[in-house]
Amino acid sequence: MRNPSVRNISFYLAAALIFSMMVYNVFYHLGTFPISSWDEARHGVNAYEMLRHGNLIVNTYLGHPDYWNLKPPVSYWAIMIGYKLVGMNALGLRLMSGICATLTAVAIALFVKKRFGSMAAIVSLLALSTSTQYLLNHCARTGDADSLFVFFFTLSILSLLAARRQTRWLYAAGLACSLAFLTKSWHAGNILLIMVLYFLITRQWESGRWRAWWRAALTFVVPVLAWAFARYHYDGFSFLNK
């Protein structure tokens with residue numbers, strides 16, 4: 001039988017190696033290839049104009065409210081942070097997508113290690129660090145909203161699973177779901193459906209957790225309503241009705 005300390009060293013060496021590969025795959029020449037038309041370019045322009053005009057709520061295109069790219073503002077905020085950190089260029093456009101994709105892989109690996117062991121954590125980290133769909137298609141290496149959305153989606157589901165042992169994780173699940181909604185709008189409905197199914201399948205009403213679930217609902221609803229109110233202040237229901 002191998003010494004536990006040797007197994008731990010082996011795990012951390014393997015994890016460090018795969019994580020390094022993940023960072024390389026995500027960030028290598030991230031700002032050198034052309035910005036793709038439509039989604040990525042449109043996101044970049046929206047964030048640039050919001051930053052230029054100092055408006056954190058309304059995304060605009062050519063100076064007018066953008067009713068084609070119908071997303072709440074969190075993904076634009078992420079791009080604005082990238083612009084602030086490294087400049088208004090392709091790297092700035094994609095920087096936070098890369099960071100969020102990397103953090104998603106780390107979060108999954110940590111959760112899996114705690115629940116299923118070191119080998120499962122290594123496999124999960126390896127899977128994401130080499131997935132072309134995850135790295136290239138609207139996600140880790142692009143300025144689209146998908147990487148940020150997947151990050152919040154993942155945090156919400158992992159928190160929901162952790163809540164079975166510690167109720168307070170329900171609040172993190174609700175907040176992460178709220179941020180997912182504020183990133184890609186109704187795409188977050190998938191998370192809400194999963195939460196409802198989890199509630200029913202695990203018979204949460206029998207565990208006396210009603211109050212915790214109501215609080216978790218508030219962590220979702222309050223940020224969304226705060227944004228909706230702020231958006232309504234600018235253009236009424238013109239955006240919200242779409």
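The values are calculated or read from the model by the stated rules, or taken from the named source; none is laboratory data. If you're wondering where the values come from, they're calculated on a predicted model, not measured in any experiment. Positions of Cβ are backbone-derived with ideal geometry, glycine not excepted, and every protein chain shown enters the neighbour counts.
Overview of results
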quantity	calculated
Odd one out for Phe111 among (1) closer than 23 Å to Trp186 by Cα; (2) modelled with pLDDT of 95 or more; (3) in contact with a helix residue (DSSP H, G or I) (Cβ under 7 Å, 6 or more places away or on another chain)	(1)
Per-region count, the range 4-30, residues outside any helix (DSSP H, G or I) and surrounded by 16 or more Cβ atoms within 10 Å (Cβ to Cβ)	1
Complete set of residues in the range 46-66 that are under 18 Å from Asp146 (Cβ atoms) and either touching a residue at least 40 places away in the same chain (Cβ under 8 Å) or part of a helix (DSSP H, G or I) (or both)	Asn46, Ala47
Boolean, Ala172 is more than 9 Å from the chain's Cα centre (by Cα), among the small types (Gly, Ala, Ser) and assigned by TED's automatic domain parsing to the domain that holds Leu56	no
Considering residues of the range 31-50 that are over 19 Å from the mean Cα position of the chain (by Cα), closer than 15 Å to Gly98 by Cβ and not small (Gly, Ala, Ser) only, the residue surrounded by the fewest Cβ atoms within 10 Å (Cβ to Cβ)	Thr32
Hits in the range 212-242 (condition: under 30 Å from Thr167 (Cα atoms), in contact (Cβ under 8 Å) with a residue 12 or more places away in the chain and among the aromatic types (Phe, Trp, Tyr))	Trp213, Phe220, Trp227
Flag if Cys139 is under 11 Å from the mean Cα position of the chain (by Cα) and not assigned by TED's automatic domain parsing to the domain that holds Arg203	yes
Test: Gly143 is on the phi > 0 side of the Ramachandran plot and of a type in the set (Gly, Ala, Ser)	no
Entirely in the range 67-179, the helices (runs of 4 or more DSSP H) that have 3 or more residues that are crowded, with 17+ Cβ neighbours inside 10 Å and among the β-branched types (Val, Ile, Thr)	90-116, 146-162
